[in-house]
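Let me begin by presenting the structure, written as structure tokens, before commenting on it.
The values are calculated or read from the model by the stated rules, or taken from the named source; none is laboratory data. The structure presented is a predicted model; accordingly, all values stated were derived computationally and were not measured. Cβ coordinates were reconstructed from backbone atoms using ideal geometry, including for glycine residues, and neighbour counts include every protein chain displayed. Heavy atoms of the whole protein, side chains included, go into the accessibility calculation; ligands, DNA and RNA do not. Shrake-Rupley method; radii C 1.70, N 1.55, O 1.52, S 1.80 Å.
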Amino acid sequence: MRKVVVFSGGSIDKRAALEYLDKEKPEICIAADRGVRFCYQNQITPDYIVGDFDSLSAGGTALSSKERAEASPELAAFRRAGVPIDEYRPEKDMTDTDIALEKAVSAGADAVCFFGATGSRLDHVFSSVFDLYKLYARGIEGSIIDGTNRISMPVGRKIVIPKSEQYGKYVSVYPFRGEAHGVSLTGFRYPLTDADIIQGDGGLTTSNEIVADEGIIECREGILIVMETRD
């Protein structure tokens with residue numbers, strides 16, 4: 001499996017990110033806009049850098065894309081190191097995370113994990129969750145990780161989460177783009193068997209807990225968002 005990690009401009013939990021890099025050892029690292037700063041500060045050399053860099057340089061959108069790139073010492077250092085940098089205008093139809101996603105796909109990703117895809121900007125959080133569907137539609141596993149959440153949209157019909165490897169205490173499951181049919185939860189405190197769940201019925205499948213050695217999520221029809229969370 002060809003794994004790609006993307007560092008975007010939202011909140012990046014350093015411990016979670018470094019643990020992921022150490023455990024998963026992704027083949028490709030992409031830094032998008034302010035994600036460049038995280039890489040630079042943690043001695044991570046990305047394979048690709050993309051973005052408009054409006055939130056990386058002090059001049060913001062008042063500068064041209066070339067001026068913004070030149071105003072960033074982090075970008076300058078990576079440019080000297082020979083890292084490919086794709087620069088975009090701020091007036092574009094894609095977020096920097098979207099651009100990084102497409103770069104990951106073109107690099108042959110089988111799985112993409114995003115850091116910095118969450119934070120105080122809920123519009124960007126929503127956009128990032130929708131990015132998981134862009135990957136799902138192409139048969140690519142996608143996930144978003146921050147300090148308290150791991151959000152995924154699994155491609156397979158059966159998802160197994162070992163209790164020893166779950167991300168936090170709680171597991172929630174929600175349908176995406178309509179209803180999900182034949183949903184079964186095995187090994188959970190609140191099991192389900194062949195249930196139909198709809199958007200807006202969140203209370204049924206929120207904050208469950210794995211009580212066996214592993215939690216098994218099955219879905220006969222539909223798309224699921226799986227959220228593993230901790231306080």
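Annotations
Table: residues versus (1) outside any strand (DSSP E or B); (2) under 12 Å from residue 52 (Cβ atoms); (3) open to solvent by 20 Å² or more (accessible area, probe 1.4 Å); (4) at pLDDT 95 or above.
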residue	(1), (2), (3), (4)
82	yes, no, yes, yes
86	no, yes, yes, no
89	yes, yes, yes, no
92	yes, yes, yes, no
101	yes, no, no, yes
109	yes, no, no, yes
114	no, no, no, yes
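- Just one of the listed residues (224, 132) is open to solvent by less than 20 Å² (accessible area, probe 1.4 Å), under 25 Å from residue 21 (Cβ atoms) and not β-branched (Val, Ile, Thr), namely 132.
- Of the residues making up segment 16-44, just one is among the charged types (D, E, K, R), loosely packed, with under 15 Cβ neighbours inside 10 Å and more than 19 Å from residue 168 (Cα to Cα), namely 25.
- Cβ-Cβ contacts under 9 Å between residues 6 or more apart (or on different chains), taken from a first residue in segment 155-178 that is in contact (Cβ under 8 Å) with a residue 40 or more places away in the chain and part of a loop (DSSP other than H, G, I, E, B) to a second residue that is open to solvent by less than 30 Å² (accessible area, probe 1.4 Å) and of a type in the set (A, V, I, L, M, F, W, C), are listed as 157/219; 166/210; 167/16; 167/145; 167/161; 169/210.
This table checks each residue for (1) closer than 27 Å to residue 3 by Cβ; (2) surrounded by 14 or more Cβ atoms within 10 Å (Cβ to Cβ); (3) modelled with pLDDT under 95.
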{"site": "120", "(1), (2), (3)": "no, no, yes"}
{"site": "137", "(1), (2), (3)": "yes, no, no"}
{"site": "184", "(1), (2), (3)": "no, yes, no"}
{"site": "228", "(1), (2), (3)": "yes, yes, no"}
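- Unique residue being more than 19 Å from residue 149 (Cα to Cα), among the basic types (Lys, Arg) and touching a Gly at 6+ places or on another chain (Cβ under 8 Å) when the list is 230, 220, 189: 220
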